[in-house]
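What follows is calculated from the coordinates using simple rules that are stated; it is not laboratory data. Note that the structure is predicted; figures quoted are calculated from it, not measured. Virtual Cβ from ideal backbone geometry, glycine too; neighbours counted across all protein chains shown.
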Ligand SMILES: [Zn+2]
């Protein structure tokens, strides 16, 4: 996928240097805070002691250059999803309200509770935000065998699919594993629509990209994930769908290319 130097989204919230522990303070803020604390009758040393551990543990320097490239990538993909869904919603007589994409490292607090990176990228319907630790892209290629940048793009587009479900109130039925699978497959389908429309409107999709997305969809199928983690497969506990189902749902959205290809309008 061609993404370098392209337009990014304004809806990225970068919390990577904070590790989900709240707001880290810089030196200047710390001194001013200590002065205010002093004026209010407190011992400024206490204030500094309370706040430096957060400030010093995670400096912005801990965010590497490689991660900055990935941030740009995520921002461009997010902008592409906004272009596609604004248009698709308009065509259906609706208004698309784009979600924020929160980048975090290690752990994060959301309106759906605290989470660490091990849970993978997720969408929180309560605050309508997508949460992503960029190191998941490494895991995708290294541990799950899903190569290529478009694999990462698919993951973002899938989470945006959950946001669309929230906007259209399709997510009410997440009661049991079976309906949960249907929602996950629909999110894959919506990711396919995004790929179709992006390819149709911009000269950015390269040979092999769609295969990368299909590879990623298959790599994160429950059967494949369960085989890797426990060595056997328990279909009743599937919540996302099998590799085969996930890849074919993406393909369905990709060939149909419209919101209505995945959602009964
Ligand atoms: Zn999902």
Exercise for the section: Calculate, for residue 86 and residue 64, the FRET efficiency according to 1/(1 + (r/R0)^6) with r their C-beta to C-beta distance and R0 22 Å; round to the nearest 0.05. Expected result: 0.10
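For the stretch 130-183, what does the alpha-carbon gyration tensor say about shape, rounded, prolate or oblate, given a ≥ b ≥ c as the root eigenvalues, a/c under 1.5 as rounded, and a/b over b/c as prolate?
prolate
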Practice task
Estimate the FRET efficiency between residue 128 and residue 7 by the formula 1/(1 + (r/R0)^6), using the beta-carbon distance for r and 25 Å for R0, to the nearest 0.05.
Solution key: 0.65
Practice task
Could you check how many percent of all C-alpha pairs in the stretch 120-219 are farther apart than 21 Å?
Solution key: 36 percent
Exercise for the section: Give me 206, 199 ranked fewest to most by other Cβ atoms within 10 Å of their Cβ, as a rough exposure proxy. Expected result: 206, 199
Practice task
Going by C-beta contacts inside 10 Å, put 13, 263, 108 in order with the fewest on the left.
Solution key: 13, 263, 108
Practice task
Highest first, please rank the peptides 64-74, 214-224 by the mean number of other Cβ atoms sitting within 10 Å of their residues.
Solution key: 214-224, 64-74
Fill in the blank from the handout: Quick calc, residue 200 & residue 116: beta-carbon distance into FRET formula, R0 30 Å, rounding 0.05, result 0.20
